[in-house]
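Asker: Provided herewith is a single structure, encoded as structure tokens, for subsequent inquiry.
The values are calculated or read from the model by the stated rules, or taken from the named source; none is laboratory data. Quick caveat: nothing in here was measured; it's all calculated off a predicted structure. Virtual Cβ from ideal backbone geometry, glycine too; neighbours counted across all protein chains shown.
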Amino acid sequence: MSFVDLLEPMNIESRYPTHKEQLMKSLTKNRCVEIMENAQELQEWIKVKL
């Protein structure tokens, strides 16, 4: 699974309050750090491609 595939459901779930609690339970501190690091890498990759 790609990182973008991981982020997409989070975006959808965060828009709908009924899914927010389930999303919050899945996000540990370590998981959030991992997501942020991967997001920064993705951002840098996009900048290079532009």
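Asker: Just need a number here: residues in the chain that are among the charged types (D, E, K, R), in contact with a helix residue (DSSP H, G or I) (Cβ under 9 Å, 6 or more places away or on another chain) and at pLDDT below 90.
Answerer: Final tally of qualifying residues: 2.
Asker: If I ask for residues that are closer than 18 Å to Ser2 by Cα and more than 12 Å from the chain's Cα centre (by Cα), which ones from segment 26-48 would you list?
Answerer: Hits for segment 26-48 are Glu41, Gln43, Glu44, Trp45, Ile46.
Asker: Show the residue pairs meeting these rules: Cβ distance below 6 Å; 6+ apart or different chains; first residue within segment 30-42 and surrounded by 10 or more Cβ atoms within 10 Å (Cβ to Cβ); second residue at pLDDT 90 or above and of a type in the set (Lys, Arg).
Answerer: none
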